[in-house]
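Values quoted throughout were computed directly from the atomic coordinates according to the rules given, and no laboratory measurement underlies them. Every value quoted in this text rests on a predicted model; they were computed, and no experiment measured them. Neighbour counts run over all protein chains shown; Cβ positions are idealised from the backbone, glycine included.
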Amino acid sequence: MTAAVLAVDQGTSGTKALVICPERGVIGAGFAPVRPRHLPGGRVEADPGELYGSVLDAGRQALAAAGEPVAAMGLANQGETVLAWDPATGRPLTDALVWQDRRAEPLCAGLAPHDEELRQLTGLPVDPYFAAPKMAWIRRHLTTEGVVTTSDAWLVHRLTGAFATDAATAGRTQLLDLERVTWSPRALDLYGLSDERLPDVVDAAHVVGTTRAFGPEIPLTGLVVDQQAALLAQHLTGPGGAKCTYGTGAFLLAHTGGTPRRGDSGLVACVAWRLGGRTGYCLDGQVYTAASAVRWLTDLGVIQGAADLDRVGGAVPDAGGVTFVPALSGLAAPWWRGDVRGALTGLGLDSGPGHLVRALCEGLAAQVVELADAAAADLGSPLTHLRVDGGLTRSALLMQTQADLLQRPVEVSALPDATALGAGVLARLGAEPGLTLAEALPEWRPSAVYEPRITAEEAQERLGVFRDAVAAVLERGARP
C-alpha cells in the first residue's frame, strides 16, 4: 500500500494530526488546542465535546494540507482520561476526568489493602492516575447511567459506532489481567464495577470500523495509547533502550519483550501493544509535570514560554544553589505519592529567573534519571541509550542537562510528533495485514545526540542534592 494514512494524536493540551505517506513522509499536518480545567482539590477536567471537536479540526486541517485521499486512519489517546456516556446516542453524561485528576484519592486509600494483589494482577499500583479509580468515582458520585470508559472508546464510538479499545489502553485502567490481556473479574469486583459493560479489547492494528467524520469514508485501522505509540515510533520494539516523551508530563517506557516484568523498583508493568494476537510488554514510569511545570513558570512571569528556557537559563552558568522538585501534581513513579507538593529551595537575594529555569530543568531531568535507573534495575542491565521526543526536546538546555545527569547519550527524534507517527504505523499495519512491523516503521534518525559533559562524580553529586530535596518533600507529605 503506497497510499497515505491519517494519524491523529488526541493529547491533554491539544490534538495533532498528520497525513503520512510511506514514500514522502509527512505531507499534511493540523493542530487544535484543548483546554483542560485545573480546579481546586486536584481536579482536572476537559469538555468531551472539545476533545472530539479537536480530533475533527486537526484531522480536517491535515487532510486539507495534504490535498489527497488517505487509505486508513490511526488514533492515539491520552490513556487514563475517562468519562461516562450514553452508548445509544454517544452523548457525554459527564465531563472527562483527565489523567492528572486526583479526586479518587480517598477511594484509592480504601483499596490500599488490595494494592499488592492488584499490582500482581494488572501490573499497576492503586493510584488515582489510572482509569479504574476515576471510573469508580464517577459511578459513586456522578451517574450510574450509560457506560464509563477511557476517552478513546468514546472517540471511537463517535467516529465509527464501534465499542472498542486497544489492549495497551485497556492496560492503563487497572481492570485488565496483564497475563491474559482480558478484563479481570476480580479487579472489576474490587472497584465495584462488575456490572459495567466494557469495550471489546482489540489489537492495535485492526479494522475497527469506518468513519465519515472527515468527509470520505476512512477505515479506522490503528488504535493505541499515546506513550506506547511513541515507543513504537522510536523503533524500541525489544529490550535494551528506552524512550522518554516530554509532553504535559514526561513518560519513560522500556520494552521488555513478550512477558511482563514486575519488579520492585516502583515502575509499572503494562502492555506495549498487541499485534496479530501477540502481546508485547513494557515498563512505564511517569513524571506528572513537565511542560505543565514550564507553563507554571510562564504563568508566574518568570519566562514567556518554553522557547525561553534556553535563553533565560543560558544567562547563568548553573542553578546557583537553587533546587526545584517540580511535584506540582505530586510524585509519580517510583515514589507514587500524589499527595505531596513541589518544593523550591536554596533561594537567595541573588536568585534570578535563570536559576529557576536551570533548577526546573535539573528537577525534570533528575526525575527521568530515577525512572531510567528503576528500569535498569528491573531489567537487570543498564539502559544503553535514551531516545526522546516531545515539544520540550527543542530545549538544548534541558536535553544537555538530561544527558549530564543520566550519563548516557540522549538521542532526540528528528520528528517531534512520535505519538502520531506511531499511530500512523499501526494504521498502515491494520490496513495492510501482509505488511511486517519492520516494513511499516519509518526510518529512524536523531536530529541531535547529546553526550554527557560532566563527570559521573559530578552527576551523582547533583542527583544527591535532588534526592535529599525529594526526601524532605516526602517527609513533609507524610506528616499528619
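Remarks
- Charge context of Leu437, other residues only, Cβ under 13 angstrom, K/R +1, D/E -1: 0
- Helix 353-379 vs. the chain, principal-axis angle (Cα, 0 to 90°, nearest 10): 60 degrees
- Potential lengthening between Ala65 and Ala471 on full extension [0.36 nm per residue; Cα-Cα distance subtracted]: 141.1 nm
- Computed [θ] at 222 nm, deg cm²/dmol, the chain (DSSP H ≥ 4; -39,500 (n - 2.57); rounded to nearest 500): -10500 deg cm²/dmol
- Basic side chains Lys and Arg get +1 at the Cβ, acidic Asp and Glu get -1 at the Cβ, and with that the dipole of the chain about its Cα centre reaches some 440 debye.
- Summary: within the chain, the longest segment free of trypsin sites (Lys or Arg not before Pro) located in DSSP loops with at most 11 other C-beta atoms within 10 Å is 213-452.
- Sparsely packed loop sites in region 375-472 (the GluC sites (Glu not before Pro) outside DSSP H, G, I, E and B with at most 10 other Cβ atoms within 10 Å) comprise Glu443.
- Value of Rg to Rh for the chain (Rh from inverse mean 1/r over Cα pairs, i.e. Kirkwood): 0.95
- Shape index of region 4-234: Rg/Rh, with Rg the Cα radius of gyration and Rh the Kirkwood radius from the inverse mean 1/r over Cα pairs, equals 0.97.
- Against the chain, whose longest principal axis comes from its Cα atoms, helix 48-66 is set at around 80 degrees.
- With the cut-off at under 15 Å, measuring from each backbone N in region 70-110 to a point 7 Å along the Cα-to-Cβ line of Glu145 picks out 84-95.
- Extension gain, Asp115 to Ser447, is 115.3 nm, computed as 0.36 nm per intervening residue step minus the present C-alpha separation.
- Cα gyration tensor shape of region 45-104, rounded if a/c is under 1.5, else prolate or oblate by comparing a/b with b/c: prolate
- Sorted by Cβ neighbour density within 10 Å, fewest at the top, the residues Thr81, Thr436, Thr12, Thr289: Thr436, Thr12, Thr289, Thr81
- Given their separation in residues at 0.36 nm each and the Cα-Cα distance between them, Asp86 and Ile454 gain 126.9 nm when the chain is fully extended.
- Net charge in the neighbourhood of Leu231 (other residues with Cβ under 12 Å of its Cβ; Lys, Arg +1, Asp, Glu -1) is -1.
- For the chain, the longest principal axis of the Cα atoms and the long axis of helix 131-141 meet at an angle of about 80 degrees.
- Each Cα pair under 8 Å and six or more residues apart adds its sequence gap; the mean of these over the residue count of region 4-234 is a relative contact order of 19 percent.
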